[in-house]
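Written out below as structure tokens is the structure these notes cover.
The values are calculated or read from the model by the stated rules, or taken from the named source; none is laboratory data. Only a predicted model underlies this, so the values are computations on that prediction, with no experimental measurement involved. Here the Cβ is made from the backbone with ideal geometry for all residues, glycine too, and neighbour counts use every protein chain on show.
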Ligand SMILES: Cc1ncc(C[n+]2csc(CCOP(=O)(O)OP(=O)(O)O)c2C)c(N)n1
Ligand SMILES: Cc1ncc(C[n+]2csc(CCOP(=O)(O)OP(=O)(O)O)c2C)c(N)n1
Ligand SMILES: [Mg+2]
Ligand SMILES: [Mg+2]
């Protein structure tokens, strides 16, 4: 069976949706060459390259969504969303509420996220917790190509603003573009499960806000999403050597959160380890602690997050972002 | 003894600092009329009204700080910081780290925050947790005029970017301007301790990152900051009727967090109730849950936060923001 | 076909009377928060909005009431919104800075300049889904320094979108004179993005109507964006209340009382030299004196339009009585059961 | 005093040779992440930066290397930074897009357009603390649609700041032609903010030097901001590697292999009509052919400067050998103990 890469799968799902719904348009910088398959098929009316004007074209996507289109607006790197934050925070997220529920913003903001390939502080952020903080924004962070495709369709069907984040370490396209993996002299260990999925003729939408248990475990629960899912699985595997059974919950979305699936696991293990590539403070990792406590669980808690600006230099970059060793060490501390 | 209002106190501290340090300049929209006392004393070279260009003038303040000035840049309402998010998130917060620690950004961003006077969704946000999420940004949210003055001096001495938030319900100036309290037909219950402090000849800087126990209590600990400190104190008082002794910790800063003071209290009470006017998800409230758990505390947890876009209509606005009844109810649930 | 002044005057008057009622209710404390009126902008609202039809869209700023009134939004729903009534236009969730009417494709924003991108998005939807429809953005001169609005001009030009940008130039942003913070020339600035500009006296409703007719018509026919630079007034100050410096919209006498601390501050040791302090004082005083708009302004657009209709006093009286009645009825209904969201 | 072409050529060549070394190291995998070279921009860097002196500041974009080389930043520290060495300019924490030299008041940003506000801030500090000093911002034509940069032009004008904006116009933003996404005329656009503009051939170092001389001198003497619009080339594509479409900077033959999925997509049912699909293909192919810069470009600024010095081949050879030696030494030191941060 043919397999499909991460970005390819998302674009395949997008193509499927665009073929069926004329209202879907794709806006963003260089979309014609980032998504040539979409460009040559749907033409430049629906696949529009923009100037470097994130504030205006994300804001315009909000307006277009209000007026009947279903825009997918691409901000190359989630880091650049800071330039367009107002459009998301004060407009996309709020208009349904401020209009008394009369007017929705069916908008998908697509961006790449994450680090590990050497771009440094302004280009490797995750920011999903930052965005999920704002009521009215859904934030999707898939971890496999097949689910990325399904979640893209789910995002398009969601009828409300969704930020869809594509982790660069999982994307065959972006890892080549930005990591320069094409030069042959650099290599990245990308787990097969994250890099490729079986191709499908037709993708089915997946609902947002449903976590999945990637691995059952009775000793502790690792909750995570995106690229880190694969690190967590590796760490869980490594922990078996010590006789530890660690489960892994892939949240899939930073918002809406699937509290039930998470709490069901944590209830059994009594230990929650959050692996969050986004920044640690006031983010998703803390939210999961609160969720567990609000569920009345008595829990031991640890987290592996990004605690500072991401360094450029590979050795510090590796230490700063979550990695298998850090996860294993945190798990051990929880079990001690 | 003469007393002094919240905004007046901050400006007094700022005037004191400006008189002693020529490098301090104040930039922002309408600063000449928002701070006429500073304008007529320090002149328009150092008190500069800007165009409505938040992205550029906050960005310029970052550059000015790098090049030797000590800018205080005012963004009227924290909501508008979304327009200038890039300057804070990708520049102010990161340059020290990205420069390998060689170059600091001694910048104070001053903004008003908070709701309760009827301005609605795009004008009453708190966003301190949102900002504190970014490593490299300190976020100060004072609750009394005297401490606001001290913390402003502390922020100026901090040598790194600080967002200084002035809650509109505490500010005699902004409540009049935006709440229209001057019309005489509207009234706001502003606790005296939050509204006025004894005036001083000279203000002393207060270090950032030091919480204070506003009220001791052995049954539960309410952690909060800003305007909500006063709501929490009222709630704690109300709870005495039921024989409940609730303590109140005023964090004063959303970042850096004073984990010690918080944990020392929670260790004794075993119950943590966070009152956070900022949005609930992925914010400060969750962070405090994580902090307690990381300290190894076994704790019951509840929170009273803003869970959705803030409604305009007063009756829903009141319910959506933290209020005394919600705090009391949450406390009761924790004690049940 | 030229402008129908009777029709336009009627729309302007509806807006004025409605906002006068809003002002009273605000002063009575029945409306909360800030209140920015569009008094002095009625000729722009009437002259532009009367060209709009089904499927056209509007992006509005913090003075969104006049365009919504002219567009035919239900005034009871509008007033209830401001009163915070759950039956309001937005169920009381928006308030006067955040007014939305999906039916009219009208969206407001309290973020200065954000209407530019919104209108561009509206126009993109029109271009793709509803050829022949247009979008209009209303914003102030202060917004002309907001990056996202400038970017929006460029986007509209390169995509040849059916959007008309309407700059309501009252020379102020709160207490800041536009000229003090705006470099170069606005017409040249806008043209530099490839958007043609028509300057017009925005207190003359017929001129606005004419200029808007050709801008909107061009946009409908695929000729791309246009920019109307329309001067106007701010008859009720930046917003209601004592305002900044306690002076902008209140009697001048108040200045003295609120100026005492400022006076003291200007005499304190350390700080700028006396010349600079004097300049600052002069700037403040100049600002205050300029900002106080006389109650009866010779350029008041409503009065100007009215004076042109004076030749038929009977019809004028009838029209005005009808408008008064309409607004009275709106008030009666909106306030009937106490109204408001308290 | 006119430009010293020997001096300028030397600076350009230092930058070129340095970046050629960087390119090799990147291809060897010793430098991680993206790599944007400034090859083709050396005349602008040399012509402008050679006017700077102590206390002057620079805001740089993602192609910050040439200005830093000309400014006299230690090349070993610079190279080590890119290698991720803890002894690098920024202790390896920044990388090539985030280069900072406090000593030279030079700051880079990877956010397109963000250098505008930074430079305005630098200039404000100069105006208040170091009269006579200036700030320079370097950015591309793509940045001219970024709102914060447009706002920065306005701020500089109204505050009459000593800042020179240098637009390195290579006609591209990644794979997007500027003309396709930029409305109106850039000169008029900038003038519309009240900032005077000088257009210059940015591959002619002497012309740049002259234009910069008067812009910087004016800024030093309090005449306010200036804008240099300097055309240039992008000799190594947008960034190193296969690039977007697998074609921009690699041999054309590669296109065929990577074009297969695109070809298939363009034949699938549903979607745009054949005419629109054809247009899209044409656009892609046109882009690819335009984007492939020949290795030896007739407008290559380094070659152009060199050709003017050909009359003194001896001095030329000596100069070039000296530069080669300098870069060789830099490489030797930086790579001595393995180098890098792995
Ligand atoms: C992004 C942003 N910055 C600042 C404000 C505060 N503010 C509200 S109205 C206003 C002045 C707007 O001036 P202009 O656009 O000329 O409109 P006018 O009020 O004169 O009609 C300002 C600064 C805001 N609402 N949004
Ligand atoms: C705000 C922002 N948006 C997008 C990008 C991605 N990006 C990096 S370079 C570039 C093109 C810049 O074009 P230009 O300013 O002309 O510089 P050039 O690369 O042509 O030298 C883009 C879009 C970015 N770094 N920052
Ligand atoms: Mg104005
Ligand atoms: Mg370019």
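One table, with the values for the structure above:
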item	result
Residue count for the stretch C:9-49, restricted to those that are within 14 Å of another protein chain (Cβ to nearest Cβ) and either assigned to a helix (DSSP H, G or I) or within 16 Å of ligand 2 (Cβ to nearest atom) (or both)	6
Hits in the stretch C:112-122 - residues which are touching a strand residue (DSSP E or B) at 6+ places or on another chain (Cβ under 7 Å) and more than 8 Å from chain A (Cβ to nearest Cβ)	C:113, C:115
Residue in the stretch B:106-114 that is assigned to a loop (DSSP other than H, G, I, E, B), in contact (Cβ under 8 Å) with a residue 24 or more places away in the chain and within 14 Å of chain C (Cβ to nearest Cβ) present	yes
Selection count where residues are facing another protein chain (nearest Cβ under 8 Å), touching a strand residue (DSSP E or B) at 6+ places or on another chain (Cβ under 7 Å), over 19 Å from residue A:156 (Cβ atoms) and surrounded by fewer than 24 Cβ atoms within 10 Å (Cβ to Cβ), scope the stretch A:1-55	1
Unique match (being part of a helix (DSSP H, G or I) and more than 30 Å from residue A:135 (Cα to Cα)) among B:84, B:13	B:13
Any hit, the stretch B:68-90, residues being modelled with pLDDT of 95 or more, under 19 Å from residue B:252 (Cβ atoms), within 16 Å of ligand 1 (Cβ to nearest atom) and crowded, with 24+ Cβ neighbours inside 10 Å	yes
Selected residue (only one of B:297, B:288, B:262, B:257 is surrounded by fewer than 24 Cβ atoms within 10 Å (Cβ to Cβ) and assigned to a helix (DSSP H, G or I))	B:262
Residue within the stretch D:69-82 that is touching a strand residue (DSSP E or B) at 6+ places or on another chain (Cβ under 7 Å), assigned to a helix (DSSP H, G or I) and modelled with pLDDT of 95 or more present	yes
Subset tally (residues that are more than 16 Å from ligand 3 (Cβ to nearest atom) and facing another protein chain (nearest Cβ under 8 Å)) for the stretch C:136-149	2
Members of the stretch B:165-181 that are part of a loop (DSSP other than H, G, I, E, B) and modelled with pLDDT under 95	B:180
Failed item, numbered, when residue C:132 is tested on (1) at positive phi; (2) touching a helix residue (DSSP H, G or I) at 6+ places or on another chain (Cβ under 6 Å); (3) within 16 Å of ligand 1 (Cβ to nearest atom)	(3)
Residues satisfying the stated conditions in the stretch B:16-41, i.e. more than 19 Å from residue C:175 (Cα to Cα) and assigned to a helix (DSSP H, G or I)	B:16, B:17, B:18, B:19, B:20
Residue in the stretch D:104-111 that is more than 11 Å from residue D:152 (Cβ to Cβ), touching a strand residue (DSSP E or B) at 6+ places or on another chain (Cβ under 6 Å) and at the interface with chain B (Cβ under 7 Å from one of its Cβ atoms) present	yes
Top-ranked residue of the stretch C:153-180 - restricted to ones that are at the interface with another protein chain (Cβ under 7 Å from one of its Cβ atoms) and either within 16 Å of ligand 2 (Cβ to nearest atom) or assigned to a loop (DSSP other than H, G, I, E, B) (or both), ranked as farthest from residue C:290 (Cα to Cα)	C:158
From the options D:180, D:123, D:157, residue that is within 16 Å of ligand 4 (Cβ to nearest atom) and at pLDDT 95 or above	D:180
Flag for residue C:85 being away from every other protein chain (no Cβ under 11 Å), assigned to a loop (DSSP other than H, G, I, E, B) and at pLDDT 95 or above	no
Residue, farthest from ligand 2 (Cβ to nearest atom), within the stretch D:122-139, restricted to residues that are surrounded by 24 or more Cβ atoms within 10 Å (Cβ to Cβ) and outside any helix (DSSP H, G or I)	D:134
Residues being touching a strand residue (DSSP E or B) at 6+ places or on another chain (Cβ under 6 Å), over 14 Å from residue A:73 (Cα atoms) and in a helix (DSSP H, G or I) - total across the stretch A:136-164	3
Out of A:232, A:295, sole residue that is in contact with a strand residue (DSSP E or B) (Cβ under 6 Å, 6 or more places away or on another chain) and at pLDDT 95 or above	A:232
Qualifying residue in the stretch B:211-221 (condition: part of a loop (DSSP other than H, G, I, E, B) and surrounded by fewer than 17 Cβ atoms within 10 Å (Cβ to Cβ))	yes
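Yes or no, residue by residue, for (1) in contact with a helix residue (DSSP H, G or I) (Cβ under 8 Å, 6 or more places away or on another chain); (2) closer than 25 Å to residue C:196 by Cβ:
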position: D:136; (1), (2): yes, no
position: D:139; (1), (2): yes, no
position: D:191; (1), (2): yes, yes
position: D:222; (1), (2): no, no
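Here's the yes/no breakdown for (1) at the interface with chain B (Cβ under 10 Å from one of its Cβ atoms); (2) assigned to a helix (DSSP H, G or I); (3) touching a helix residue (DSSP H, G or I) at 6+ places or on another chain (Cβ under 7 Å):
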site: C:283; (1), (2), (3): yes, yes, yes
site: C:289; (1), (2), (3): no, yes, no
site: C:294; (1), (2), (3): no, no, no
site: C:298; (1), (2), (3): no, no, no
site: C:306; (1), (2), (3): no, yes, yes
site: C:309; (1), (2), (3): no, no, yes
